[in-house]
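What follows is a set of notes on a single structure, which appears directly below.
What follows draws every value from the coordinates through simple rules; no lab data is involved. Remember, it's a predicted structure, so these values are computed and weren't measured experimentally. Cβ atoms come from the backbone with ideal geometry, glycine included; neighbour counts cover every protein chain shown.
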Amino acid sequence: MSGPLSGWTITGDGVQVHHLEAGSGPAVVLLPGWSLTAQTFSAQLAELSLSRRVVAVDHRGHGRSSTPPAGYHLHRLAADLAEVLSAHNLDDVRLVGHSMGAAVIWSYLELFGTHRLRSAVFVDQMPCALRNPAWSDAQAAEAGATMDAAELFAFTDLLRGEGPDPRSGFLAETTSPGVSAQRLAWLSGQVAMLDRRYAADLIFDVATHDWRALIARIALPTLVVAGDSVNVPIASQQWIGDRIAGARFARVGGLGGGTHFPHWENPAAFNAALTAFWDSAG
């Protein structure tokens, strides 16, 4: 069987958005997390495409997409997604967003509603990463607020600096102990494809959004997948599932512990969770 094919969308502001596509049938669109690429969904492109049309997107500046000097915020990525769906006649879509990719879906819902969508899967993304100093520990855990303003500014300053790329440390902290050094190096190479300056702009926008009010209004069949990662409190994933009527919840760990990348570390369990959800939700 041949591998996935590349496709392209030219956005309204002239950006070439790349995607990988495989299979035919009901449409599934996969959105990677911050600094990640469509290649991280290789196991989903291989397996889920046996019965579905699977499209994995490289956000602007990521992977093989072109790198414009602007547009690194969630609403622009959501607008890019809308253009991809329209350009490639993707309707009745089962959206899957990993980490920041889930926030792109939330932004899409805010801008475009449920147009072209059938269901959504949110994978290990907190509703609000930036902690309000007035919150209790329980409130912060439910929001998923794992950093304060000083930590956010320090991290983005490191990204914009000339020293070692802090994203390598982030990957080491958020993958499970079972991930080999070789695989971690590959993932670091994927991450490095996004220019550090634009990565800083984007993570600042992601961290400073609070999506809790929108999440409570979501009216799509929804699956929440938690990886038990150190950077996304499990309470925040349960909070999302509790706020969306009829939402389903699944915990998919990694190779020897919690992970922020369940689709990449444990694709068999991850794909099974998605398939069971789609089979039941239609």
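Tabulated data for the structure shown
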| read-out | value |
| --- | --- |
| Projected label distance in nm at Asp137 and His75, using a 7 Å step from Cα toward the beta-carbon | 3.7 nm |
| Cα pair count fraction exceeding 29 Å, expressed as % - the stretch 134-282 | 24 percent |
| Ranking of Tyr198, Tyr108 by count of other Cβ atoms within 10 Å, fewest first | Tyr198, Tyr108 |
| Radius 15 Å from Cβ of Arg217, net charge of other residues (Lys, Arg +1; Asp, Glu -1) | -1 |
| DSSP-defined antiparallel bridges as percent of all bridges, the chain, nearest 5 | 30 percent |
| Distance in nm between pseudo-label sites at Gln238 and Asp148 (7 Å out along the Cβ direction from Cα) | 2.6 nm |
| Inter-site label distance for Ala192 and Thr114 at 7 Å from Cα along Cβ, in nm | 4.4 nm |
